[in-house]
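The values are calculated or read from the model by the stated rules, or taken from the named source; none is laboratory data. Just so we're clear, the structure is a prediction, and the values are computed from it rather than from any experiment. Neighbour counts are summed over all protein chains in view; Cβ atoms, including those assigned to glycine, are modelled from backbone coordinates with ideal geometry. Calculation scope for accessible area: heavy atoms of the full protein, side chains included, ligands and nucleic acids excluded. Shrake-Rupley method; radii C 1.70, N 1.55, O 1.52, S 1.80 Å.
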Amino acid sequence: MIKFDFKTYTNDLLSDEILRGYEKKLSNLDNFLNTNPNMAWNEVDNLFDETIISDIDATAQYIKNNCDVFLVLGIGGSFLGSKAVIDALNPYFYNETKNPKIYFAGNHLSSDYYHDLLELVKDKNVIVNVISKSGTTLETSIGYDLIMTFMKSKYNDEELKKRIIITTDKEHGTLRQEVINNGYKSFAIPSDIGGRFSVFTPVGLLPIAVSGINIKRLYDGAKKATENIDNQIKYAIIRAEMYKKGKTAEAFVVYEPKLYSFAEWLKQLYAESLGKGEKGILPISFVNTKDLHSSGQFVQEGNKILFETVINVLISNNNIYISKYNKTLTDINNIASTGTSIAHKKGNVLNNVISIESLNEESIGFLLQFFMISCVINGYLEDINPFGQNGVEEYKKAIKELL
Ligand code: PA5
């Protein structure tokens, strides 16, 4: 299902000698993974517990039957995972072809956006899912206030109970208080699961299910990624070695634009988890072949600060034949990926290549869990605590003071 090539375009950073250097640390890895209280997201059987999944499936069905527009409010880990999966697994232009239409908000402070969004949905039948573990995040709180003002102008209290769904901490925070005060439907975010590791909690799963994706099959993929973690370890070691070689940026590269949001999710996962103590690799992303005509120049001939991790999709669900080359467009896309890795290696930019057979629930479920596990192992190997994000708290504090 998934192929890992951590060798052809990387000068083999996994030689016996290099691996020996990690032996001692790795001998205690299982203990670290199994005893760390922040690892609850890796217990996928608990996350996909029958009671939770039935509630999510039933609520998703209710939403699909009862609105034309589903608004999802949240920022960072409270929306990037669901957006990644929804974009990867739905057809392009899904909002033009599917019902309900799904719009994201609460992840910026653009008044133009809210103006245009509210214009767009004013005559529509709307259901809202606000997602915030803390309930205090500025962008999501402002979004919630704006959307609630709109919703209250359109629906009475009884109707709002059928249209507002809150995903937040089980006990604490202002949003939990909203649930208690108004009787809104709610989902609980487990207190021991951080935002960027929460895609397989109701944070991610409810919007994903509303978009028509089979969440049980996501579980199948995620579960597989927990069963054997050899490649997660290898990728973590490669990142640590790249860093030692002075590589301070990693580009996540996709050749399928549907994976743009997946790369955004990856950027958050790695930046917030490992960008600490004035250490870490800056994650960036390229959507090729588009970016070969812009950033590609930098990669080939510019400052050698980066390496790339390429995610290929080998088979398309829709094959288009290009007679000029006697090949399918997907074959040409994959040849472009291989050719680019060859060229970039010549330009001293090394590439890890991860290939999935096709875009489906299992492969995406696998990749999400694969990267979460590998990221944590990477932190463990380099003595960086992958959990928490105090740096983000600093900016929040500074804005609050200014406000
Ligand atoms: O990974 C994280 O924990 C963060 O990115 C949070 O998800 C983000 O800051 C949003 O927080 P909250 O869900 O509390 O609004």
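Residues checked against (1) open to solvent by less than 50 Å² (accessible area, probe 1.4 Å); (2) in a helix (DSSP H, G or I); (3) within 16 Å of the ligand (Cβ to nearest atom); (4) not assigned by TED's automatic domain parsing to the domain that holds LEU14:
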residue	(1), (2), (3), (4)
ARG239	yes, yes, no, no
GLY246	yes, no, no, no
LYS258	yes, yes, no, no
SER273	yes, yes, yes, no
LYS276	yes, no, yes, no
PRO283	yes, no, yes, no
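Checking each residue in the stretch 114-136 for being open to solvent by 20 Å² or more (accessible area, probe 1.4 Å) and either assigned to a helix (DSSP H, G or I) or closer than 21 Å to VAL199 by Cα (or both) picks out HIS115, ASP116, LEU118, GLU119, LEU120, LYS133, SER134, THR136. Tell me, yes or no, whether the stretch 135-143 has at least one residue that is within 16 Å of the ligand (Cβ to nearest atom), at pLDDT 95 or above and charged (D, E, K, R). Within the stretch 135-143, one or more residues are within 16 Å of the ligand (Cβ to nearest atom), at pLDDT 95 or above and charged (D, E, K, R). Would you be able to say whether some residue in the stretch 205-220 is surrounded by 22 or more Cβ atoms within 10 Å (Cβ to Cβ), β-branched (Val, Ile, Thr) and either over 16 Å from the mean Cα position of the chain (by Cα) or modelled with pLDDT under 95 (or both)? Scanning the stretch 205-220 turns up at least one residue that is surrounded by 22 or more Cβ atoms within 10 Å (Cβ to Cβ), β-branched (Val, Ile, Thr) and either over 16 Å from the mean Cα position of the chain (by Cα) or modelled with pLDDT under 95 (or both). Taking the criterion of being crowded, with 20+ Cβ neighbours inside 10 Å and within 28 Å of LEU274 (Cα to Cα), the only residue of the stretch 179-189 that qualifies is ILE189. Taking every residue in the stretch 277-291 that is of a type in the set (Ser, Thr, Tyr) and pairing it with any residue that is assigned to a loop (DSSP other than H, G, I, E, B), at least 6 positions away or on another chain, the pairs with Cβ-Cβ distances below 9 Å are THR289/TYR255.
Against the numbered list (1) at pLDDT below 95; (2) not assigned by TED's automatic domain parsing to the domain that holds PHE366, ASN11 comes up short only at (2). Out of ASN65, ASN95, ASN99, I need the residue that is assigned by TED's automatic domain parsing to the domain that holds ILE164 and under 22 Å from the mean Cα position of the chain (by Cα). Which one? Within the list ASN65, ASN95, ASN99, the selection yields ASN95.
On the given criteria, is LYS345 within 16 Å of the ligand (Cβ to nearest atom) and touching a residue at least 12 places away in the same chain (Cβ under 8 Å)? So LYS345 fails the test. Scanning the stretch 60-81 for residues that are in a helix (DSSP H, G or I) and more than 12 Å from the ligand (Cβ to nearest atom) returns ALA60, GLN61, TYR62, ILE63, LYS64, ASN65, ASN66. When ASN38, ASN34, ASN46 are checked against the criterion of being in contact with a Phe, Trp or Tyr (Cβ under 7 Å, 6 or more places away or on another chain) and not in a loop (DSSP other than H, G, I, E, B), a single residue qualifies: ASN38.
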